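Below is one structure, written out as structure tokens, with a few remarks after it.
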Amino acid sequence: MELHDALAARFDRLKSGDDGWQALADAGVLGLPFAEAHGGLGLPPRDGFAVLEALGPRAIALPYLECVLLAGTLLDRAGCEAAAHWLPRVATGDAKLALASIDDREPALAEVDPAGWRLSGGKLLAIGAAEADAVIVIAATGDGTAAFLIAREALAMKAYPTIDGRSAADLLLDDVTVPAEARLEVGPEDIAEILDLGAAAIAAEAAAIMARLVADTRDYCVQREQFGKAISSFQVVQHRLVDMHIEARRAAAAAALAADALDLDPAERAKAISAAKVTIADAGRFVGQNAVQLHGGMGMTEELPVSAFFKRLTVIESEFGTRDEHLARYMALT
């Protein structure tokens, strides 16, 4: 909570045009999960959820999750020369990493090549890849899923903005050849754990956004009048606000359980995080839609942050696995 409050105060002081990434560097959180030997603080990645809980409710779109908590943590775990080269620079804000984990219709494949490895296929929605200095690409090999650290210049990509204000890129791996050392010393279980970490992280972010939406909607209903009365005095609106509050609290509980599940064995971790992801998806849709409706036409304008929160919750619903995919995983593990 102390880290969250300190970051919240720092970002509340930011002015239009200020560099949010530099603010994170100045706060010392860009190296939070890295080993001290790599210029970090050596803290558990889940401690970085406080950063997302500060950014999300302020509609500040920065690739902290993808660069630091996911790509950075995976590279830190590999502990190779590349980690010693890149992570201290990430920690100071002088370099960025990205993670490409979502397969295109032709999934990313890696085959042994005389020069090292040859990658083919494609990846979708790599957040921050166009601005990153290097990208960790997840690809299938003959001995399981593997991770490859590739310089951005070596990758063909198409960048585009997402509806929630971030930058993403699709990667075309047209027989990309990389040296043998580009493959990180991490296994499929490490990659699966990182992806579950991502799902737990956005659950924490979503819960914080929902809490902000409930507060903002309540305040707006107190101010907005119809028939000479604040609409907050209407019983149907009061019921709607109570239901939103309940769903937001349910989301917060699910996010807390997901964070705690990161310390469990793989099967129990996966089950708990999938349950949380389903809860977050349902609660986020309910809270977001009701917030927009109670704000009326103002709910979808850029004058209020409600529309930005709604768009972010919509994206979170399908990030790191859709609601239906996580429901299926939960049922398979139960």
Restricting the search to segment 221-231, which residues are more than 35 Å from the chain's Cα centre (by Cα), exposed (fewer than 11 other Cβ atoms within 10 Å of the Cβ) and not in a loop (DSSP other than H, G, I, E, B)?
LYS229
Segment 95-105, residues that are open to solvent by 10 Å² or more (accessible area, probe 1.4 Å) and within 21 Å of the chain's Cα centre (by Cα)
LYS96, LEU99, SER101, ILE102, ASP103, ASP104
State the number of residues belonging to segment 128-152 that are surrounded by fewer than 24 Cβ atoms within 10 Å (Cβ to Cβ) and either farther than 18 Å from GLU181 by Cβ or among the hydroxyl-bearing types (Ser, Thr, Tyr) (or both).
7
Name the residue that is farthest from ASP26 (Cα to Cα), counting only residues in segment 53-70 that are hydrophobic (A, V, I, L, M, F, W, C) and open to solvent by 10 Å² or more (accessible area, probe 1.4 Å).
ALA59
Return the total of residues in segment 11-20 being in a helix (DSSP H, G or I) and either modelled with pLDDT of 95 or more or open to solvent by 80 Å² or more (accessible area, probe 1.4 Å) (or both).
1
Regarding segment 7-17, can at least one residue be identified that is closer than 29 Å to ARG269 by Cα and among the hydrophobic types (A, V, I, L, M, F, W, C)?
yes
I'd like to check something: does segment 296-318 contain any residue that is at pLDDT below 95, open to solvent by 80 Å² or more (accessible area, probe 1.4 Å) and either assigned to a helix (DSSP H, G or I) or in contact with a His (Cβ under 7 Å, 6 or more places away or on another chain) (or both)?
yes
I want to confirm something. Restricting to segment 232-284 and keeping residues that are of a type in the set (Asp, Glu) and touching a residue at least 24 places away in the same chain (Cβ under 8 Å), which single residue is surrounded by the fewest Cβ atoms within 10 Å (Cβ to Cβ)?
ASP243
Condition met for ASP76 (surrounded by fewer than 17 Cβ atoms within 10 Å (Cβ to Cβ), charged (D, E, K, R) and out of contact with any Ser or Thr (no Cβ under 6 Å at 6 or more places or on another chain))
no
Within segment 153-185, tally of residues that are without any contact (Cβ under 8 Å) to a residue 40 or more places away in the chain and charged (D, E, K, R)
2
Determine which member of the set ASP47, ASP26 is within 30 Å of MET210 (Cβ to Cβ), open to solvent by 30 Å² or more (accessible area, probe 1.4 Å) and modelled with pLDDT under 95.
ASP26
Subset of segment 115-127 [within 14 Å of VAL178 (Cα to Cα) and in contact with a Ser or Thr (Cβ under 9 Å, 6 or more places away or on another chain)]
ALA115, GLY116, TRP117, ARG118, LEU119
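The values are calculated or read from the model by the stated rules, or taken from the named source; none is laboratory data. Please read all numbers here as calculations on a predicted model, not as lab measurements. Ideal geometry is used to build each Cβ from the backbone, glycine not excepted, and the neighbour counts take in all protein chains shown. For the accessible areas, the whole protein counts, side chains as well, though only heavy atoms, and no ligand, DNA or RNA atoms are used. Shrake-Rupley method; radii C 1.70, N 1.55, O 1.52, S 1.80 Å.
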